[in-house]
Every structure is written in structure tokens, then in C-alpha cells.
Amino acid sequence: FLGAGKPPMYGDYEAQRHWQEITYNLPIRQWYFNTSDNNLLYWGLDYPPLTAYHSFLCAYIAKLINPDWIALHTSRGYESQPHKLFMRTTVFVADLLVYIPAVIFYCFSLKETSTKKKASICCVALCILLYPGLILIDHGHFQYPLSLGFALWGVLCLSYDWDLLGSVAFCLALNYKQMELYHSLPFFCYLLGKCFKKGLKGKGLVLLTKIAGTVVVSFAVCWLPFCTDMAQIMQVLRRLFPIDRGFFPFQDKVANIWCSLSVLIKIKNIVSPQTQLKLSFAVTFLSLLPTCIKLTVQPSLRGFKFALVSCALSFFLFSFQVHEKSILLVSVPVCLIINEIPFMATWFSLVSTFSMLPLLLKDGLLLPYAVTMLAFLSVCAASFSIFEKTSAEDLQLKPFSLSLKGYGSWFKSFPKIVRSLFLLSVTLMGALSLASAAVPPPQRLPDLFPLSVSVISCLHFLLFLVYFNVVILWDSKNSRSQKKIS
């Protein structure tokens, strides 16, 4: 694990263990407050209540096995093989109970019936579960996949028109990690659009009332222990959204637009944190507005899944206080549409994992990184024949190409151009990965390789954002799906 055996913070593994220590030994009213027993500068809780409850549950089991694992104060930096086994088991159980079933049931919800289509369902499930980024982060940075798992259950429920259950599932995701806000607008716009289509003077109003009530009750249940005092609520919110930190609360090597621009313009030195917040909000809002309008006006399950990708990518590129690991919030929805655009989904998944390379190298995960990337690419290539699916039609760009009067002939050479760009991209990622791991950077430019990774990844993501927005806005299939919703 990153930081293992390295005081004073010891790494993300210690963060999860420390949350168990705090939630088990202290009363709820002290979980998010700085006290003599809870130093918030030492891995203070900064996730929503559901994460805290999960930590308490794990701590309760840990206490039964070995009380030393969560002893107040004295357990700081505790590391042992039995405890590592216990902690890994908790991640595996979370995978087994929430994330993996969501993936499997989602793949079967694609409603393919022929033998060939059933085989492709298994391929989709295999590709999603083999996505390198999530595997490496779960086990290298010790992150529980519960928020993504709950979000997937939300998508699954909406695919069966179980709108209330889908709302509950997404509320659980949002109350486990606040970063699920990346997916909140597509859920909101899709459900609101369905209500509009049913008519806000009839069934639509009833559905809207039920969804609103479900969301309120779900949040109330999750926040109930903190609702006795407004000071408690405000303190939790301050921990979840520490806006005073500015654009760069962690490090400057994230593959988003602000960190890439900071190579040329030192934004944090010339723009105040409050102005940074307003700027990021404005740019993020404008970048995702077209997608949200289209989804609200023409709600469809297909459009909803593509909107999850586009909106999450807008948040990653332009929003406030982004971590490298936040790219997973884009990558998992991309995996959900890998059967529709296998070539682009595979390409994006590789780039998203590459964007976290500096973080993975700190973990000593170079070999697992290389192996999982090659395995994922091989499985996708074998399962979907991705290099044969690069035409405008395969990439869902046929409606866009038809709208370019006089320029449509350019798309005849499009497959060859796309394949060449892909090979160039993969070659560049491979070369930079090797250089980052084996070549010492120049003394005058110690951050040369991490910055190169972030800037190159950011350029990729900007192009992908344009691509996904084009697919969404020119999607003619949305209009044909309205009958199903009605």
C-alpha cells in the first residue's frame, strides 16, 4: 500500500483503519469535529455518513478479532499480516456484495438473447471487471468500490424502469462518497425528463412526487444521527466540501484543465480561491449544459448512459478540487457502453489508467500496471474485434457525418485515421510509462514525466469530451426511444 510504514501519515490503508478507530471509540457527535481524541489533520473523516457507518461496521468486526487493531491512539500506524488480510477481506466482501453483482446483473439487463449475444454479454462483464484502473486503485490505494457499486445498481434499476429503487441506490452512492455528484445531473435530468414526458398534470406529477419523497427520505435516514444539531450538519458539510483549499488541494499532477494550464500560468498564484470556485463552476456548468438539456428534452436509457460519461468527464476536467482517482467516476460509465462503442471505450479506459501513472509508480505498481493494461487490451481486442469497428457508424458518428454537407467524403478515410491515432496514442503512453519508471528526470525539471503524463492525458480527455458530446447531441436513436418511455 502507498505510504505503508512511512510516518507520520502511513498512507491510504491507515486512513481506512483510522476511520474504524475513530467511529468505534468516539460518539457520533465527535466523528467530524477536531478534538483531543480526533485530530482532523491526521486522516480526519471527510466522506459522507454512509462511509462512517461502514467504517464502524468493519471496526466492530475488527474488535472481535483483535482489539489492538482499532485501539484509540495506540493503534496509529498499526500494520501486521493478519490485519492486512482482514482489511483486504473487507474490500473483497464489498466487491462481492455490491460491485460485482451490479456489473453482472447490468450485463444481463442488456436483454440479448441469441447465443452470440449471450457470449458478448459475458465479454462485457469480463471487460468491466478487468478494467485496470479500478483494480489498481482498490488494491494499491485501498479504496472501497461501494459508491460506484451503488451507482451501478442505480443505473440497473433505471434500465428496468424501477425509478424509485434507482433513486434510493443513487442516494446511497452519494451518501457514501460526495464525488458521486459527478453522476448526479444525468440521474436528475433523466428522471425529470421522464416526468415531463408523462405530463406534469397527471402521471408525471405523481412520479415526480414519489421520486422527490424517496430522495428526501433516503437522505434523512442516512443523516438522521447528525440532524439533531445544525452545527453537526454544517461541520459535516465543511468536511465534505473544503472550498477554501482552492483548485489544488492535493497535488498539481491531475490530468484536468486547471492543472495542465498551471504548467504555463500559475493560476493559484494569481486567482483567489473564491474566484477559482466561481470560475470552475461556470466552466463546468457550461460544458455539461448541452448534454443535460438534450437528456431532459429527450430522455432515453441510451442517452442517460452516454450522459453519465460526458457529465462526469466535464466535472473531472473543469471542476473544483479534483483527485487523480476521480477519473474512475468517468471510466466505469464508459465501461457500461463498451458493447456499443468498443473501440473508443477501450481507448478511453487505457488513457484513464495511464493518467494515474504517477500515483501508481509511487505505489510500486509498475508491473501490475503493465500486466493489467495488456490483459485488458487483449481481452477487449479479442472480445469485440475493436480494430474492425472504427467506421463512423461503429463509432456512433453516422448522424454527425450526414449533417456535414460537402464534408461527408472525409469520413471515408476516417477508420484509417482513427486507427493510426490510436496506435500513436498507445505508443506514446508506453514510451512515457517506460521513461517515467526507468529514466531519471533532469535536475532542473524533476516533475517532467508526471507533468507530461497529466498534460497528454488531459489532451486526450478534451478530445473524448468533444466526441461524447457529438454522439449525444446528434443521436437520432433517442427520438425512436420515446415510445418505450411513454
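The values are calculated or read from the model by the stated rules, or taken from the named source; none is laboratory data. Note that the structure is a prediction, hence the values are computed from the model and not measured. Neighbour counts run over all protein chains shown; Cβ positions are idealised from the backbone, glycine included. Ligands, DNA and RNA are stripped out before the accessible areas are found, and what is left, the full protein with its side chains, is counted by its heavy atoms. Shrake-Rupley method; radii C 1.70, N 1.55, O 1.52, S 1.80 Å.
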What is the spin-label model distance, in nm, from residue 404 to residue 437 if the labels are put 7 Å beyond Cα along the C-beta direction?
3.7 nm
Between residue 57 and residue 210, what's the calculated FRET efficiency when r is the beta-carbon distance and R0 is 35 Å? Round to 0.05.
0.70
Let me check I've understood the local charge: for residue 131, count other residues with C-beta under 14 angstrom from its C-beta, Lys and Arg +1, Asp and Glu -1. What total comes out?
-1
Going by the alpha-carbon gyration tensor, a ≥ b ≥ c the square roots of its eigenvalues, is region 260-419 rounded (a/c under 1.5) or, if a/c is not under 1.5, prolate (a/b greater than b/c) versus oblate?
oblate
Charged-residue dipole, Cβ positions (Lys, Arg, Asp, Glu), region 197-240 about Cα centre, Debye nearest 20
420 debye
For region 5-82, just say rounded, prolate or oblate: build the C-alpha gyration tensor, square-root its eigenvalues into a ≥ b ≥ c, call rounded for a/c under 1.5, and beyond that prolate if a/b exceeds b/c, oblate if not.
oblate
Could you sort the peptides 21-33, 415-427 by per-residue average Cβ neighbour count (10 Å cutoff), highest mean leading?
21-33, 415-427
Stretched out fully, how many nm does the piece from residue 238 to residue 293 gain, at 0.36 nm a residue minus the Cα gap?
16.7 nm
Relative contact order for the chain using alpha-carbon pairs under 8 Å, separation at least 6, rounded to a whole percent?
17 percent
If you place +1 on the Cβ of every Lys and Arg, -1 on the Cβ of every Asp and Glu, and leave all else neutral, what size is the dipole of region 25-153 about its Cα centre, to the nearest 20 Debye?
440 debye
What shape does region 343-438 have by the C-alpha gyration tensor, where a ≥ b ≥ c are the square roots of the eigenvalues, rounded means a/c under 1.5, and otherwise prolate means a/b greater than b/c and oblate the rest?
prolate
Give me the number: length gained by fully extending residue 71 to residue 164, i.e. 0.36 nm times residue separation minus the C-alpha to C-alpha distance, one decimal in nm.
29.4 nm
Mind scanning 84/253; 197/305; 389/412; 253/294; 177/198; 6/325 and naming the pairs with a C-alpha gap bigger than 23 Å?
84/253; 253/294; 177/198
Work from the charge dipole of the chain (Cβ charges, +1 for Lys and Arg, -1 for Asp and Glu, about the Cα centre) and give the residue of 372, 316, 344 farthest towards its positive end.
344
Rounded to one decimal in nm, the spacing of the 7 Å Cα→Cβ label points at residue 261 and residue 221 is 4.2 nm
Per residue value of the accessible surface for the chain (all protein chains in place, 1.4 Å probe), Å²
45 Å²
Filter the chymotrypsin sites (Phe, Trp or Tyr not before Pro) in region 314-407 down to the DSSP loop ones having no more than 12 other Cβ atoms within 10 Å, then list what survives.
407
So, with +1 on the Cβ of K and R and -1 on the Cβ of D and E, and no other charges, what is the size of the charge dipole of region 351-429 about its Cα centre, to the nearest 20 debye?
280 debye
What is the gain in length, in nm to one decimal, between residue 81 and residue 463 on full extension, counting 0.36 nm per residue of separation less the C-alpha to C-alpha distance?
133.1 nm
